[in-house]
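First comes the structure, then the notes that go with it.
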Amino acid sequence: MSLQNVHLLSVSHNKSSVKRIDTLALSLQTEGMTNPPSNVLVLGGTGKTGSRVAAKLTTLGLNVRTAARNGAAVRFDWDDPSTHGPALEDVNRVYLVAPVLRTHFADQVSSFLDLAEAAGVRHVTYVSAFGIDQVPPQFVAHRAVELDLIARGAITHSILRPAWFMQNFSETFLRPVDGVITVPTGDGAEAFVDAEDIAAVAAATLASPGPHAGAEYAPTGAQALTVSDAADIIADVIGCPVKHDDLDRDTWIDGSVAAGVPAEYGEVLRMLTETIASGHGSRPNNDVQSVTGVPPISFADFARRTAQAWA
Ligand SMILES: NC(=O)c1ccc[n+]([C@@H]2O[C@H](COP(=O)([O-])OP(=O)(O)OC[C@H]3O[C@@H](n4cnc5c(N)ncnc54)[C@H](OP(=O)(O)O)[C@@H]3O)[C@@H](O)[C@H]2O)c1
C-alpha cells in the first residue's frame, strides 16, 4: 500500500502527528510481512535534522544508528575513513548529511557512497538545499552529490532541498543576541521550514523508500517571511522586543569568519544571503503536506514551541 494513498484516505488535521505516525506504522507493518527489518544509518545524527529523523524513525519501529563525531550511537568522522565501514555494518538505508560548513566535499561523499553500496545500502535520503538543482555541479558540491546519487544503479535515492530552517533562529546563526538578529537579508523573504517537517519528510522516505525512489522534495514553511517578520513573531511570543539588523554583507561575513566560520564558507554565506535579499528566496510549496499528509508547521507555532530557547 502506498504511503501517499493511505494519507489521502485518512488525513485528519486533528491529532495530525499521531495520524502521521499511524499511517507510517501501517505501511511498515505491510512491508515487514515480506522484508527483513530495516537498519537505518543517520549521519549528522546529533544535528538539527538528523536527531529529529532518528527520533521519528525510532518511533516508527525501525532500527536506527545515529552517527557523528561526538554523542551519537557510533563515531563517524568524514575526515577519518576508518570510521565509515563500521558505521555501515548491516545498514540498508542512510540519511545522508554531507560535511557541514564546507564547500568541497563531493569526492569524499562519493567514496562513502561507493562503500555504502558495497556494504548493502539500497536507499539514501540526502539533505541538500533549496534551489540547488539550478546551480552547476562544478561550483556547488551539494549538486555534485545529487547527480552522483541520481547516477547510481544499485541505490535508490530521495533528495530533500529544504528552505532555511526555522531552527536557525533558535539553535544557530539567527539567534537573537541582546534582542537583535543580525543578517544581511534586507527586505527579502524566505519560506522558513521547521526541521520537524524536514525530518517528517525524510522519515517517510526512509521508512518506505519504494514510493519515494527518485523523488525530489523541497520542504518549505507555509509562509514566506522577512527576518523582520520573524523577529516580530518571536518578540510577540517572548514578550520582549526583537529587531532585525540588516548589517552590511562584507562586515557580517568578516564577523562570521572571525567567530569561527571557515573562510571558504564565507562565500556560501554571501550567496545564501544575497539570494534572499534580492527577492529570490524560497516560496511556499505543497511538498511537506503531499508527503506527510499534514500542512507545514507555521513560524508562530514553531516560536511558541521553542520559546524557552530565547528565555
Ligand atoms: N540550516 C539551514 O537553514 C539549511 C537549509 C538548507 C539546507 N541545509 C543543509 O543541511 C545540512 C545540515 O544539516 P543539519 O542542520 O541537520 O546539521 P547540523 O545541525 O549542522 O549538524 C551537523 C551534524 O553533523 C555532524 N558533523 C559535523 N561535522 C562532522 C564531520 N566532520 N564528520 C561527521 N559528522 C560531522 C555533527 O555532529 P559532530 O559535530 O559531533 O560530528 C552534527 O550531528 C547541510 O548540508 C546544509 O547545507 C541547511
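The values are calculated or read from the model by the stated rules, or taken from the named source; none is laboratory data. Values in this document were obtained by computation on a predicted structure and should not be read as measured data. When we count neighbours, we look across all protein chains shown, and the Cβ atoms used for this are built from the backbone with ideal geometry, even at glycine.
Points worth noting:
- Any hit, the range 200-221, residues being of a type in the set (Asp, Glu), on the phi < 0 side of the Ramachandran plot and in a strand (DSSP E or B): yes
- Residue check for Arg152: in contact (Cβ under 8 Å) with a residue 40 or more places away in the chain, over 21 Å from Gly281 (Cβ atoms), away from the ligand (no atom under 14 Å from the Cβ) and among the basic types (Lys, Arg): no
- Scanning the range 158-205 for residues that are over 21 Å from Arg283 (Cβ atoms) and either within 12 Å of the ligand (Cβ to nearest atom) or crowded, with 24+ Cβ neighbours inside 10 Å (or both) gives Ser158, Ser170, Glu171, Thr172, Phe173, Ala199, Ala202, Ala203, Ala204, Thr205.
- Output for the range 76-109, where each listed residue is free of Cβ contacts under 8 Å to residues at least 40 places away in the same chain and in contact with a Leu (Cβ under 6 Å, 6 or more places away or on another chain): His84
- Residue in the range 67-85 that is away from the ligand (no atom under 13 Å from the Cβ) and in a loop (DSSP other than H, G, I, E, B) present: no
- Tallying residues that are modelled with pLDDT of 50 or more and away from the ligand (no atom under 13 Å from the Cβ) within the range 28-55 yields 7.
- The helices (runs of 4 or more DSSP H) located wholly in the range 247-307 that include 1 or more residues which are among the basic types (Lys, Arg) and either touching a strand residue (DSSP E or B) at 6+ places or on another chain (Cβ under 9 Å) or closer than 24 Å to Ala141 by Cβ (or both) occupy 249-258, 263-277.
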